[in-house]
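The values are calculated or read from the model by the stated rules, or taken from the named source; none is laboratory data. All figures in this text were calculated on a predicted structure; none of them were measured in a lab. Here the Cβ positions follow ideal geometry from the backbone for every residue, glycine too, while neighbour counts run over all protein chains shown.
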Amino acid sequence: MRTWAGPSRTPIGLDIGSSQVKAAQLHRRGNRWALSAAACFPRLHPDRPADADEVARIAAILRRRGFRGNRVVPAVPDAHLLSAAMELPSVADRAALLPIARSEFARVHKRDPSAFEMDFWPLPSSRSARGASVLAVGCAHEDAEALLSLLDLAGLQTIALDAGSLALAAATAPLADTQGVTVVLDLGWSAARLLMIHDGIIAYERVLADSGARRLADQLRQQLSLEQAAIDYLIRDVGLDFQKLSADTQWDRSDDARRVLSGHLDALVHEFNASLAYFAHRYPDIQVRKVLLSGGGAAMPGLAEHLCGVLGLPTQAVAATDVVDVPTNLAEHGSSSGLIRAIGLAQHREDRS
């Protein structure tokens, strides 16, 4: 379990997504985390790597929004995060296994073994495994240094780069099932990310590239010729509440909108079920117990109920208040599912750096 034993406030968890920036800072209140500061605002240049001007803008906004200090834990940009499930020799000593894991990770990604940083952890026992099964994540030095330089120029001190998946697992730990598998489905703008967490570790991870909100927005724009305001209305306000859409007298294409929305979610469910089938084949003795939704797309009206019905699993959209205490002055962030990864980044413990 990741813990914090430093100053009264944690570092700032900084999640620079493809369309939004999310940031969170925490402090301890008894045995729970509490939100000290939070921010969520649009990217200056969506769908592009952040440049010096944008990072300077981010730093300025953090100062205005009540964040203390300049210590940050950013997520490795999804485009630069390397990952691999690997079979390694059965070696009890992790230190002895590290160079073997590094060499295999380099082979998988066709990189020099000295050109990246990585971490790995053991996967649950599988009948088909011949050695030690591990899941590894990493980031190339050149990619990490580019981001670190921008943050440093903006006056932000990076104490660690963390994988977004590890941050999600940390933030949602209070809600995880203690016996079986908890699926975390992070619904972002550019893609969705599916994690299967068992006994506190990520046992399976998959990126669903065609399941992000941008894909749905593009479909609504191309097939229905809608403006952005109408697209935002359908995704954020209507979602799967088709009765609301049918009752809106200003909409004369409610059936078409229903078709596009349903088709997008049908494709998501198909990919979800494919992942469940793979996991069940590899780990037949481990049962999936619940689904947690995070990310900006988790707030779509009716989504959790719809997935619960079609998947046959308890499904919950995770709000900030589900994982941390939220004071009244930050109440506007209490219902946010998009803040979850930043909350997990803020919980990063320094001995993992």
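Going by the structure shown, is S335 assigned to a loop (DSSP other than H, G, I, E, B) and either touching a residue at least 24 places away in the same chain (Cβ under 8 Å) or within 27 Å of Q20 (Cβ to Cβ) (or both)?
So S335 passes the test.
Within the range 204-233, count every residue that is assigned to a helix (DSSP H, G or I) and β-branched (V, I, T).
1
Would you please list the contacts, defined by Cβ atoms under 6 Å and residues six or more apart or on different chains, that run from a residue in the range 107-118 that is over 14 Å from D143 (Cα atoms) to a residue that is of a type in the set (S, T, N, Q) and surrounded by fewer than 13 Cβ atoms within 10 Å (Cβ to Cβ)?
So the pair list comes out as P113/S103.
Please find, among T182, T172, T178, the residue that is surrounded by fewer than 17 Cβ atoms within 10 Å (Cβ to Cβ) and not aliphatic (A, V, I, L, M).
Every option except T178 fails the conditions.
Taking the range 50-72 only, how many residues are acidic (D, E), in a helix (DSSP H, G or I) and either touching a His at 6+ places or on another chain (Cβ under 8 Å) or crowded, with 19+ Cβ neighbours inside 10 Å (or both)?
1
Taking only the range 88-124 into account, find how many residues are more than 21 Å from A144 (Cα to Cα), loosely packed, with under 15 Cβ neighbours inside 10 Å and touching a Ser or Thr at 6+ places or on another chain (Cβ under 8 Å).
So the count comes out to 1.
Sort out which residues of the range 295-319 are surrounded by 21 or more Cβ atoms within 10 Å (Cβ to Cβ) and at positive phi, and write them in order of number.
Once the filter is applied, which keeps residues that are surrounded by 21 or more Cβ atoms within 10 Å (Cβ to Cβ) and at positive phi, the range 295-319 yields only G295.
Criterion first (closer than 23 Å to A75 by Cβ, over 16 Å from the mean Cα position of the chain (by Cα) and β-branched (V, I, T)) does T172 satisfy it? Please lay out each step first, then the result.
Numbers: closer than 23 Å to A75 by Cβ: yes; over 16 Å from the mean Cα position of the chain (by Cα): no; β-branched (V, I, T): yes.
The answer is no for T172.
Can you name every residue in the range 200-253 that is hydroxyl-bearing (S, T, Y), surrounded by fewer than 17 Cβ atoms within 10 Å (Cβ to Cβ) and at pLDDT 90 or above?
S225
Scan A136, A167 and give me the residue that is crowded, with 16+ Cβ neighbours inside 10 Å, touching a strand residue (DSSP E or B) at 6+ places or on another chain (Cβ under 8 Å) and in the same structural domain as R111 (by TED's automatic domain parsing).
The conditions single out A136.
If you go through the range 284-330, how many residues are closer than 30 Å to H27 by Cα and among the basic types (K, R)?
Adding up the residues that qualify gives 1.
So, of the residues in the range 90-116 that are assigned to a helix (DSSP H, G or I) and β-branched (V, I, T), which turns out to be nearest to S133 (Cα to Cα)?
Restricting to residues being assigned to a helix (DSSP H, G or I) and β-branched (V, I, T), the top hit is I100.
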